[in-house]
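Asks: Got a structure for you, questions after.
The values are calculated or read from the model by the stated rules, or taken from the named source; none is laboratory data. Everything numeric in this text was worked out from a predicted model, so none of it was measured. Quick reminder, even Gly has a Cβ in these numbers, built from the backbone with ideal geometry, and neighbours come from all protein chains shown. All accessible areas refer to the heavy atoms of the entire protein, side chains included, with ligands and DNA or RNA removed. Shrake-Rupley method; radii C 1.70, N 1.55, O 1.52, S 1.80 Å.
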Amino acid sequence: MRKVTYKNIHNFFKLNGVHFDSNGLRVAAYYLIKEGDAHEKAMGEFLLDWFDDRSFIDLQTSGTTGTPKIIRKNKQVLVNSALATGDFFELKPGDTALCCLPIQFIAGKMMLVRSFILGLAIDVVAPNSNPLAQLNKEYDFVAMVPLQVQNSLKEFYKVKKLIIGGAKTDSALEQKLQGIKTKVYETYGMTETITHIAARKIGVEAFSVLPHVSIAQDERECLVIDAPLVSDERLFTNDLVKILNEHQFVLLGRIDNVVNSGGVKLIPEKIEEKLSLFINERFFVGGIPDAVLGEKLVLVIEGEKKELAETIFETLDKYEKPKAVFFVPNFEVTESGKIKRKAILKSLS
């Protein structure tokens, strides 16, 4: 991998149509913090952090599976991640990019870092549910969360390559995406790995790892990641996987979501994948305490109570059918928009 440091600004780099060097970005940062909207203030704060004299930066985790926390990373590992992404997705200097993710979190920050390092011409807009709607230009590279993708399906003629992260892409959305010309990838990663370390093209089952990443399984059959360019330690995840070869794996679900119902272990994500073709609202399945079964599988749907057709369960195996259905007016979510499954299930117990 070529030697590039965090102090480098590629001479092709543009921010909202304007060329900047590091000094120019510092000046712009002060203006953004003083005069900008919320997303511009966040960008200004990140720019000042990135171009200060410290070799490290503090990043906030999403809090999907626990309390959000701050982790400290050397800036060089963010550069290494940007280079790996550029190689994997064949990004080149002068390519256009759109950042429509919150810059408070690592995914938004990394869109900027990739642009500095790879020489992308990036536009930064306020995060919203349909960021492409008001934009009248084409982009080579865009990153979104699934909710944005769902709301932008009619706009993807403006995008050549799209990466989706932050939450799983369900089967119903995946089917819709296979009918568009955009090259679409679901990514796999976390704050500790500086966003994604693997990606899969929509329509393909397996994730392929980025350059300089090795994978294995632990005794729980969960993914173990060895990515020396972005983490000094091997990372032991809670993600159940099937390893296909040294470069590819299939993601099955999270071990902390597994429901043990009467001795039968059920993976909610696999059940949700089947149900996503029939339920339009946000939903998930999980386990709540049961005197007989230990845990019973339940379906939780966001919205007002309504009748469900029994036919939606026909694709499920015998033990996969939920024992009860709950409707919750509004799902509790983390700051980054992920559903707080455990908190919601606890409230239903």
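Asks: First check a/c for region 95-171, with a ≥ b ≥ c the square roots of the eigenvalues of its C-alpha gyration tensor; if it is under 1.5, answer rounded, and if not, answer prolate when a/b is larger than b/c or oblate otherwise.
Replies: Cα axes put region 95-171 in the oblate bin.
Asks: In Å, what is the Rg of the alpha-carbon atoms in region 114-231, and how long is Dmax?
Replies: Rg and Dmax of region 114-231, Cα atoms, are 15.4, 51 Å.
Asks: Pull out a ≥ b ≥ c, the square roots of the eigenvalues of the alpha-carbon gyration tensor of region 216-308, then state rounded if a/c is under 1.5, prolate if not and a/b is larger than b/c, and oblate in the remaining case.
Replies: Prolate, because a/c is 1.5 or more and a/b exceeds b/c.
Asks: A further question on this structure: Taking 7 Å along the Cα-to-C-beta vector as the label spot, tell me the E246-V333 distance in nanometres, rounded to one decimal.
Replies: 4.1
Asks: About the Cα centre of the chain, how large is the charge dipole given +1 on each Lys and Arg Cβ and -1 on each Asp and Glu Cβ? Please answer in debye to the nearest 20.
Replies: My answer is approximately 360 debye.
Asks: Give me the 1.4 Å probe accessible area per residue for region 264-349, excluding ligands and nucleic acids, in Å².
Replies: 59
Asks: Given the convex hull of the Cα atoms of region 286-329, what is a quarter of its surface area in nm²?
Replies: Convex hull of Cα atoms, orientation-averaged projection: 3.5 nm².
Asks: What accessible area per residue, rounded to a whole number of Å², is obtained for region 95-200 using a probe radius of 1.4 Å?
Replies: Averaged over the residues of region 95-200, the accessible area is 35 Å².
Asks: For the pair S349/A133, report the inter-label distance in nm, with labels modelled 7 Å from Cα in the Cβ direction.
Replies: With each label point 7 Å from Cα toward Cβ, the separation is 3.9 nm.
Asks: Give me the accessible area of K342, 1.4 Å probe, in Å² rounded to the nearest 10.
Replies: We get 120 Å² for K342.
Asks: Apply the Karplus parameterisation 6.51 cos²θ - 1.76 cosθ + 1.60, with θ equal to phi minus 60°, to every residue of region 277-291 and state each ³J(HN,Hα) to the nearest whole Hz, in sequence, with x for glycine and proline.
Replies: Each residue of region 277-291 in turn: 6, 10, 10, 7, 6, 5, 7, 7, 10, x, x, 10, x, 9, 4 Hz.
Asks: Stokes-Einstein diffusion coefficient for the chain at 10 °C in a medium of 1.306 mPa s, Rh from the Kirkwood formula over Cα pairs: what value in µm²/s?
Replies: The diffusion coefficient I find is 74 µm²/s.
Asks: Take the alpha carbon gyration tensor of region 201-252, find the square roots of its eigenvalues, order them as a ≥ b ≥ c, and report rounded if a/c is under 1.5; if not, report prolate when a/b exceeds b/c, else oblate.
Replies: Taking the square roots of the gyration eigenvalues as a ≥ b ≥ c, region 201-252 is oblate.
Asks: Any idea what log10 I(q)/I(0) is at q = 0.12, 0.13 Å⁻¹ for region 11-153, Debye with uniform C-alpha scatterers and no solvent?
Replies: -0.48, -0.57
Asks: Based on the alpha-carbon gyration tensor of region 1-91, what equivalent-ellipsoid semi-axes (square roots of 5 times the eigenvalues) come out, in whole Å, largest first?
Replies: Largest first, region 1-91 gives 22, 21, 13 Å.
Asks: While we're here: Over region 212-259, give the accessible area per residue in Å² for a 1.4 Å probe, as an integer.
Replies: 53
Asks: A further question follows. Of all beta bridges DSSP finds with both residues in the chain, what is the antiparallel percent, to the nearest 5?
Replies: Looking only at bridges with both residues in the chain, the antiparallel portion is about 65 percent.
Asks: Along region 138-146, what does the Karplus equation 6.51 cos²θ - 1.76 cosθ + 1.60 (θ = phi - 60°) give for ³J(HN,Hα), rounded to whole Hz, x for Gly and Pro?
Replies: 9, 10, 7, 8, 9, 10, 9, 8, x
Asks: Just to confirm a number: summing +1 for Lys and Arg and -1 for Asp and Glu over residues other than V230 whose beta-carbon lies under 10 angstrom from that of V230, what do you get?
Replies: Net local charge, V230 excluded: -1.
Asks: Related question: Considering only protein heavy atoms and a 1.4 Å probe, what is the carbon-and-sulfur percentage of the accessible area of the chain?
Replies: 50
Asks: Still on this structure, I have one more. Using the Karplus curve 6.51 cos²θ - 1.76 cosθ + 1.60 with θ = phi - 60°, what ³J(HN,Hα) values do you get for each residue of region 301-316, in whole Hz, with x for Gly and Pro?
Replies: The phi angles translate into 10, 7, x, 6, 5, 8, 6, 10, 5, 4, 5, 5, 9, 5, 7, 8 Hz.
Asks: Can you compute the modelled spin-label distance between A291 and D21, with each label point 7 Å from Cα toward Cβ, in nm?
Replies: In this crude label model, A291 to D21 measures out at 7.6 nm.
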